[in-house]
Amino acid sequence: MDYPLIIATACGAIALYLMMPRGQGWLVKLGALIGVLALASGLSYLTHWASVQFPAQHAGGPGIFFYAFALIAVGSAVGVVCHPKPLYSALYFVLMTLAIAGLFVLLMAEFIAVVLIIIYAGAILVTYVFVIMLASSSGVAAAAVDYDRISADPLIAVLVSFLLLGTVLETLFTHRPHGFIAAGSTSLAAQGTHWLGLAALGKNLYSQYTLPLELAGVLMTISLVGAVVIARKNAPQTHMLGLGDMPAE
Amino acid sequence: MMITHATSSFSDPVLVRYLALGAVLFAIGLVGFMARRNMIMIFLSTEIMFQGVAINLIAFSRYYHNADGQSFVIFLLTVAAAEASLALGLVVMLFRHRQTLNVDAWSDMQG
Amino acid sequence: MFQLIQQLTFHHKAEILAGLIPLFPLAAMVIIALFGGKILKGRAHVPAIIGIACSFFLAILLLLIFDVGQFNGIKAALFHVTAAQANQIGALSPEFLQMKFSTWISAGGFSIPFGVYLDPLSVLFVSFVTGISLLIFIYSSGYMEGDYGYFRFFAYLSMFVTAMTILVLANNFLLVYLGWEGVGLASYLLVGYYYPKRSARDAATKAFIVNRIGDTCFAIAIFMIYLTFHSLNFANVFYGPLQSASFRAAHQSMMFWIPLLLMFGAFAKSAQFPLHVWLPDAMEGPTPVSALIHAATMVTAGVYLIARCMPIFMHDLPVLHLVGIIGTFTAFMAATIAMCQYDLKRIWAYSTVSQLGYMFMGLGVAAGSAAVFHVFTHAFFKALLFLSSGSVMHAMGGELDIRKMSGLRKRMPITTICLLVGALSLAGFPGWAGFFSKDEILSAAMNSTWSGGPWLAVIGLLTALLTAYYTFRAFFRVFMGDLVLPQTAGLHEPSAFALPAESDHDHHQAHGADDPSQHGHDAHAGHGQQRNTSFDGPITMWGPLVILAIGATLVGWLGVFGGHGDQGWIQSFLARVPMNSGIHYVPTPPGGLFLPAAAADRLSPAIGMSIGGILAVAGILIALYFHLINRHAAEVVKSALRPLATFLENKWYIDEIYHYGIVKPLWYVGRMLYGVDHLVDGIVVNFFGYFPQFVGWLLKPTQSGRLRYYAIGMVSGLALVILGVLYLLR
C-alpha cells in the first residue's frame, strides 16, 4: 500500500474521530482542519497515482465538476454523521443527495439523478424530518439531547470503518484484480460511444428485470401496509376467535 | 484511440475515482451507523451507505455501457424507500414505548 | 354444455353428483372459516346448513338412482323419463359405479386418484349421514346460540361432514383414510370444543390417542393391501385376484393380517371393547356433536369399513368370527355399564357402544345388510335420544344427573314424546326402528351355520333385555314421576367460556342444593316465574327432534315392506353389495362366495321377532317397577348387589386396568430409561455439554444486545477477510 494513501486515510480517520459529537467545539474545528488536509493529500495522491498508472490517459481526467461534487458529497456526509442535531443532519443529507445527483449527471444517468432527488430529497427525507420532529420532544430550537450530543465509542467505530475503507482503497489502487479494468476497456471500445439513454434503462428494466420489478412493487405494497400496521396507535385486542366472551382459564 | 467523444473520456482512472468516492461515503456512513446513538441517525447513516453503493453501481454502468447498474439503483431506491417507511414506523412505535430514541435503551432485545 | 350433460348416461351423472357431495360442506367450511369471525358471526350456521342441504339433496338423488324400482313415480318426475325407463335405472345399475375425477398422488407406477365408488352401501351411508347432519346442524343453530366460537363450531361440523362423505364415497383405501383421519380430527376438535375445561381437553386427547391406535392398524393394513394387490382401488382389490384361490393361497398370511388390522382400525373408530374407552369421555363435547359424531355417523365408519371390506373378511373366517365375538361382548358389557350410570349422556354413550356391538355381531355372522340396516335405524334413534337429552341439558342449565331430576314431562312435553320414541326404538319395542333392525341381526346370528352364531344370538337377546331396562330406567327417572328440577334449571347452561366471576356465581347458586329432596322446593322459590315457561326450546331445537322421531318410527318398516318378494326395501336395496351370505352364512366353498342356504333350515323370523319383542317389553316393565312405581326398591336391590353395582358403576374398571396395566408400567419403564439416560448424561454428555458452555461463557459479553457492537464485529470481520484474501492467498 502506498504511504500517501495510508496517510490520507489515517488523516481522514483522525478527522472524523475528532469531529464526532462529544460536546466540545474546538475539537470539531481541529478535526475539520485535519479533514481538509486528508482530502488534499488524497487528491494529490489521486493525481500522482493516475499519472503513474495511466500515463496515456492522463489528459482525460474527471474534470472540475467531479471534484466539486465529490467534495460537497463527502463534506456533507461528514456533516450528517457529525452534527449533533438530527434535523441539521437531515439537511446535510439533502445537500449530499444533491451532490450525488450531480455526480450521476456526470455519469450520464440523468434519470437516476432526477429520481434520486425526487425520492431521497423529496420523499424519504421528508419522512425523516417528520419523524425527527415527531419523535424528539425538543425539536429544532431546544438543545440536543444527551444521546445525540455524545456519540458512543467513536474510536472503535472510526477504526473499524477506516480499516474497511483502507482495505477497499488498497484493492482499488494497488491490488486491482486484473480482468476488471482491462476487460472493461475493451468492452467499452467494442460497444462504441453511443449515449446510454433512458430508453436503454427502460428496455433493460422491462425485459431483463421484469419479475424483480414486479416484486419491487409487491415489496412497496407490503411495506406500505406494514408501515400502517406498525404505526397504528391502538392495535385492536382481537376477538378473532369468535363471539361472546373471551375464554378464561 | 478509438474513443474520442466526450463520452469516451470515462476511462479507468476516472472509474477508480468514483469507486473510491463511493467507498469513502460508505465508510462515513458506517461510522455514523456505529457511533451514533439516535435511532433516526442510525437509519440516516445507512442511507449514506446506500448512496455510496449507488455511486458504484452507476459508475460501473457508465463504464461498461450497460443499463444493468442503473436498473439496480432503481431497485436500490425501492428498497431504501420501503426500508425507510418501515423503519421510521418502527422508530415511532419504539419511541412511544420508552420516550427515547436512544438505541441502547433497547439492548434488552437481544435474542 | 347443456347438451353435454344430456348426453351423459345416468351413471355418469350419478358419479358427478357424488363427486359434488363433499364439496358443498367443504365450501361451507372455507366460507365460515374465512368470514365467520368478522362477518357472519351469529349467522355462521347459514352457509353450513345450505351446504349440507345441497349435499343431502344430491344424496337423495343418488339414492333414487340406485333404488331398485320402488320409487319409479318420483324418479320419472325428477329425471324426466318415462316410468318404464325409471324402472330400468336401478335395475340396470352395475354392482358399483366408479369415477376418477383427478389424481391426488402420482409417483411412478403408484397413483392415487380422487374418485368416487358408488354402490348401494355408500349411497345409503352418504344419504343418512347428510340427512342426519342436516337435522343436527339445524338443531345446533338453536342449541349453540350465543356460545363463544359459534362460527368455529359450524366450521368444524362442516369439516366433519366433508371428511365423512369423503370416507364413504372414496374409491380407494387411501382416500378412505383421508376421510378417516379427517373425521378423527373433527372429532378431536369438537370434543375439545370447550377447551378451557380441563376435562374436555383430556377427553379430546384421549379420543385422539385411542383412535390413533386404530388408525395405525388401518394404515398398516393399507400398506399390506398395496403390497398384496398392487393397487388400492376397491374395484381392483375386491374384484381382482382376490377371487382366485391360488392367489389367496399364495398370500395366506396377508389374507389373515389384512382383515385383522382392518378390524382393529374399525374397532377404534367404532369404540369396540379394547378401544371403546374414548367414546363415553367424548361426551364432553357439545351435545349436537355427541349426537352427530359420536352416535349417529362417525362411529359407524368402522361398520362401514368392515362391510365394505367384507370380500376380504369372507376369506378369513376366524377374523370375521372374532369381529362377531368382540362385538357381542362389547354389546353386553356396555349394556351392563349403562345400567348403572347416572349421567344421561353417558347412558346414551354406553348404549351407543352397545348398539355398535350389535352391528359388529351382524357383520361377524356375515349379515352385512342387517348390520347396515341397524346402522341406519340407529342413526335416527340415537341422534334423537342425544338431541332430546341435549334439550334437557339446555333446559336444566347443564345438569344431566338423572338422580337430580324427575317428572320433566310436565315442563317439556315435546321433548318427552320425542325421547320416548327414541327410547322405544332403542329398547326394541315392537313396531319401532330398533326392533326390526336388531331382530334382523339376531335372527341372522341365530341362523348362522357357524356354530358360535346362536351363542352370540343368545347373549344378544340378553343384552336386548338389559337395553330395554336401562333405556327406560333413564326415561322413567327423568321424565315420569313427581316434578323435581335441579337448582340450575332454567338458567343458561354455564358456558365453559364464561368469565371466572360468572362461573363463581353459577357455582354458588348450585352449591346450596346438595340435598336432592329440596330441589323442587328451592327451585320454585327461587325462580318462580321461569318455571311456568316451557323448556322445549326454540323450534330450531324441537323441529329436528320431531322429524327424527317420525323417522325413528318409520324407518324400521323399511326392513319389512317395500322390497322384492318378502324382503324389505333395505334388503333388496343392499342385496347387490357383496357383504351377505343370505340369512345363512356358509363357510366359503371352493366354488363361490355367497351361497344362500336352503330356506327350510331357517328359524322362522316370526319366532325371533316375538322373542325380541317379549324381552323388550319385559325390560321396560322391570324398569317401570323399579324406577317409577317403587323407586325405593331400586335402592334396596342396588345395596343388595353392592359389589356388582360398584363394578358396573366403575365401568368394569377398564379405565383403571388401562391405567395400571399399560399407562403406569409404561411410566415406570420411562422412569427407568430416564434413570439410565441420566447416568449417561451425567458422565458422557455433560462433559461435551460443558465445553460449549465454557466457550459460550467466554463469548457471552459480545452478545450485549447493542447493535453497534454487532456491526463492528461484522465490519471488522469483513475487513479482515478481505485483507486475508489480498495478502495471504495471493
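Carbon-plus-sulfur accessible fraction, the stretch A:3-174 (probe radius 1.4 Å, protein heavy atoms only): 78%.
Among C:Leu356, A:Leu224, the order of accessible area from largest down is A:Leu224, C:Leu356, computed with a 1.4 Å probe on protein heavy atoms. Here the Karplus relation 6.51 cos²θ - 1.76 cosθ + 1.60, evaluated at θ = phi - 60°, turns the backbone of the stretch A:146-159 into coupling constants of 4, 6, 8, 6, 10, 7, 9, 6, x, 5, 4, 4, 5, 4 Hz, with x for every Gly and Pro. Solvent-accessible area per residue in chain B equals 32 Å², computed with a 1.4 angstrom probe and all protein chains kept. Taking every C-alpha pair closer than 8 Å and separated by at least 6 residues, the mean separation divided by the residue count of the stretch A:3-174 gives a relative contact order of 25 percent. When the P(r) of the stretch C:344-437 is calculated, the portion above 20 Å amounts to 38% of the C-alpha pairs.
Among C:Tyr304, A:Tyr92, C:Tyr177, the order of accessible area from largest down is A:Tyr92, C:Tyr177, C:Tyr304, computed with a 1.4 Å probe on protein heavy atoms.
Rolling a 1.4 Å probe over the protein heavy atoms gives the stretch C:248-355 an accessible area of 17 Å² per residue.
Expressed as a whole percent, the accessible area of the stretch C:636-704 that falls on carbon and sulfur atoms is 75 (1.4 Å probe).
What the stretch A:3-174 shows is 44 Å² of accessible area per residue, with the surface traced by a 1.4 Å probe over protein heavy atoms. Taking a quarter of the surface of the Cα convex hull of chain B gives a mean projected area of 8.6 nm². Dividing the convex hull volume of the alpha-carbon atoms in the stretch C:208-267 by its residue count gives 73 Å³ per residue. Within the full protein context, the accessible area of B:Asp68 is estimated at about 40 Å² for a probe radius of 1.4 Å.
Note: relative contact order over the stretch B:11-100, using C-alpha pairs below 8 Å and six or more positions apart, is 27 percent. A:Glu214 sits with roughly 110 Å² accessible to a 1.4 Å probe, with DNA, RNA and ligands left out of the calculation.
Interface of A with C. Using a 1.4 Å probe and counting protein heavy atoms only, the two chains hide about 2200 Å² of accessible surface, both sides summed.
Tell me, which residues of the stretch C:694-708 get at least 30 Å² less accessible area when the other protein chains come in, versus the chain alone (1.4 Å probe)? Relative to the lone chain, where solvent access is computed with a 1.4 Å probe, the stretch C:694-708 loses at least 30 Å² at C:Gly705, C:Arg706, C:Leu707, C:Arg708. Derived scalar couplings between HN and Hα for the stretch C:660-665 equal 7, x, 10, 5, 5, x Hz in order, rounded to whole Hz, by the Karplus curve 6.51 cos²θ - 1.76 cosθ + 1.60 (θ = phi - 60°), x for Gly and Pro. Here the Karplus relation 6.51 cos²θ - 1.76 cosθ + 1.60, evaluated at θ = phi - 60°, turns the backbone of the stretch B:23-37 into coupling constants of 4, 4, 4, 4, 5, 5, x, 5, 4, x, 4, 7, 8, 6, 10 Hz, with x for every Gly and Pro.
The H on the amide N of C:Phe114, modeled in the peptide plane, is under 5 Å from the matching H of C:Phe101, C:Ser102, C:Thr103, C:Trp104, each at least 5 residues off or on a different chain. For the stretch B:11-100, the fraction of 1.4 Å probe accessible surface lying on carbon and sulfur atoms is 71 percent. Solvent-accessible surface (1.4 Å probe) assigned to A:Glu170 amounts to roughly 0 Å². Taking every alpha-carbon pair in the stretch A:3-174 and binning the separations at 5 Å intervals from zero gives 2, 8, 13, 17, 18, 17, 14, 7, 3, 1, 1, 0 percent. Other residues lying with their Cβ under 15 Å from the Cβ of C:Ala296 contribute a combined charge of +3, Lys and Arg counting +1, Asp and Glu -1. Only protein heavy atoms count here, probed at 1.4 Å, and on that basis chains A and B bury about 7900 Å² of accessible area in total. Put simply, the amide H of C:Gln98, placed in the peptide plane, has neighbours under 5 Å in C:Leu118, leaving out anything fewer than 5 places away on its chain.
The values are calculated or read from the model by the stated rules, or taken from the named source; none is laboratory data. As the structure is a computational prediction, the values presented were derived from the model and not from experiment. Ideal geometry is used to build each Cβ from the backbone, glycine not excepted, and the neighbour counts take in all protein chains shown. Calculation scope for accessible area: heavy atoms of the full protein, side chains included, ligands and nucleic acids excluded. Shrake-Rupley method; radii C 1.70, N 1.55, O 1.52, S 1.80 Å.
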